[in-house]
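The structure appears below as structure tokens.
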Amino acid sequence: MKKIILAIHGGAGTILRSSLTTEKEQAYRSGLKGALDAAYTLMEKGGSSLDAVQKAVELLENCPLFNAGKGSVFTHEGRHEMDASIMDGSNLKAGAVTGIHTIKNPVLLARAVMDQSEHVLLSGSGAEDFAKQTGIVFEKEEYFFDQFRHDQLLEIRNTETTQLDHSEKKFGTVGAVALDLHGHIAAATSTGGMTNKRYGRIGDSPVIGAGTYANDATCAVSCTGHGEFFLRAVVAYDVSCLIEYKGYSLQQACETVVMDKLVKMGGEGGLIALTAKGELELVFNSEGMYRGFRDNQGNEMLAIYR
């Protein structure tokens, strides 16, 4: 039987049992499960891994608990700057957007960039002009307002501090990787960035090779962590390179990058990755990572803590 696998993440960081109420933990699990089940069902019916990662991330963007789409954190100016990317492992095509403000689902715009333009990465007002041409849905600023997120901003707005997501230091990014019935893999990632960020700061999530990568010959990867370190370490592509050029297994490659290379640099976070052979890794060097996977061998998991 051909394998189908879908894995998702909703961010990593200092996520402790003591910092989540039973109700909040259940809400996170419910959000993860809803995205996981819907995207997996799509592949079960013959859909592509590309469509599956898009669907999973789109649903996570619609959940205000996660720092992407509707749940995006506030910038210093009190707005939202969202990033997303998607990559098709069957042909190495990719699309990404950065610094967009009122797009309901950034991952859908990233997919449109891949499918309907000659480009890979569009930014800011130009990306939003392209969104209007391609019929992408916009929302008013109020749609993205969340009192908890706004309170986070008010706590640190008059400082030079940026905050990664929650006050418990969570790296708020969502992502998915998938393997479909046709043997193809794909990856997608989306984020609302850092609370109180300035100067149009961009992290790893929209950068192909840093936060997202997919190649049928090696692996599909979606990252979550302190973006500056993931950019400098070119994390997603580095995992792929260790497989391609050094013959590492997926497990060896992921652990080398996340548990050794990043740790030595001082970088915290994690990633989800899989191969076209059906190998799967969910690796993180932080206290926790919102994560889950499902396959057609009867395996399924949802987890938050280490």
Cβ-Cβ under 9 Å, sequence separation 6+ or interchain: first residue in region 22-44 and under 16 Å from Gly172 (Cα atoms), partner modelled with pLDDT of 95 or more and of a type in the set (Lys, Arg). Which pairs? Leu32/Arg291
Taking only pairs six or more apart or across chains, which ones have beta-carbon atoms under 7 Å, a first residue in region 89-104 that is closer than 24 Å to Lys197 by Cβ, and a second residue that is at pLDDT 95 or above and among the basic types (Lys, Arg)? Gly95/Arg111
Out of all the residues in region 235-261, which are among the hydrophobic types (A, V, I, L, M, F, W, C) and either within 15 Å of Leu282 (Cβ to Cβ) or modelled with pLDDT under 95 (or both)? Val235, Ala236, Val239, Leu250, Ala253, Cys254, Val257, Val258, Met259
Which count do you get for residues in region 189-227 that are assigned to a loop (DSSP other than H, G, I, E, B) and touching a His at 6+ places or on another chain (Cβ under 7 Å)? 5
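Each row is one residue, and each column tells you yes or no for (1) within 18 Å of Met301 (Cα to Cα); (2) not basic (Lys, Arg).
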| site | (1), (2) |
| --- | --- |
| Lys24 | no, no |
| Ala27 | yes, yes |
| Leu32 | yes, yes |
| Met43 | yes, yes |
| Asp51 | no, yes |
| Gly69 | no, yes |
| His80 | no, yes |
| Gly89 | no, yes |
| Asn105 | no, yes |
Selected residue (only one of His9, His80 is part of a loop (DSSP other than H, G, I, E, B), surrounded by 22 or more Cβ atoms within 10 Å (Cβ to Cβ) and in contact with a Ser or Thr (Cβ under 6 Å, 6 or more places away or on another chain)): His80
Residues of region 140-164 that turn out to be at pLDDT below 70, of a type outside the set (S, T, N, Q) and closer than 14 Å to Gly192 by Cα, as a count: 3
All but one of (1) surrounded by 15 or more Cβ atoms within 10 Å (Cβ to Cβ); (2) among the hydroxyl-bearing types (Ser, Thr, Tyr); (3) at pLDDT 95 or above hold for Ser167; state the number of the condition that does not hold. (3)
Report whether or not Leu108 is among the hydrophobic types (A, V, I, L, M, F, W, C) and at pLDDT 95 or above. yes
Can you tell me which residues in region 96-143 are assigned to a helix (DSSP H, G or I), out of contact with any helix residue (DSSP H, G or I) (no Cβ under 6 Å at 6 or more places or on another chain) and surrounded by 15 or more Cβ atoms within 10 Å (Cβ to Cβ)? Pro106, Leu108, Ala110, Val113, Met114, Ala127, Glu128, Phe130
Kindly indicate the residue of region 235-287 that is among the basic types (Lys, Arg) and farther than 20 Å from Ala214 by Cβ and also surrounded by the fewest Cβ atoms within 10 Å (Cβ to Cβ) among those meeting that condition. Lys264
Given the criteria modelled with pLDDT of 95 or more, of a type in the set (D, E, K, R), crowded, with 22+ Cβ neighbours inside 10 Å and over 13 Å from the mean Cα position of the chain (by Cα), does Arg232 qualify? no
Out of contact with any Leu (no Cβ under 7 Å at 6 or more places or on another chain), charged (D, E, K, R) and within 21 Å of Thr224 (Cβ to Cβ) - does that describe any residue in region 89-105? no
Filtered residues of region 41-74 (kept if surrounded by 24 or more Cβ atoms within 10 Å (Cβ to Cβ) and either out of contact with any helix residue (DSSP H, G or I) (no Cβ under 6 Å at 6 or more places or on another chain) or part of a loop (DSSP other than H, G, I, E, B) (or both)): Ser49, Leu50, Val53, Phe66, Asn67, Ala68, Gly71, Ser72, Val73, Phe74
Only one of Lys104, Lys33, Lys70, Lys93 is touching an Asp or Glu at 6+ places or on another chain (Cβ under 7 Å), within 30 Å of His182 (Cβ to Cβ) and of a type in the set (Lys, Arg); which? Lys104
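The values are calculated or read from the model by the stated rules, or taken from the named source; none is laboratory data. These numbers were taken from a predicted model, which means no experiment stands behind them. Here Cβ is always computed from backbone atoms with ideal geometry, including for glycine, and neighbour counts include all displayed protein chains.
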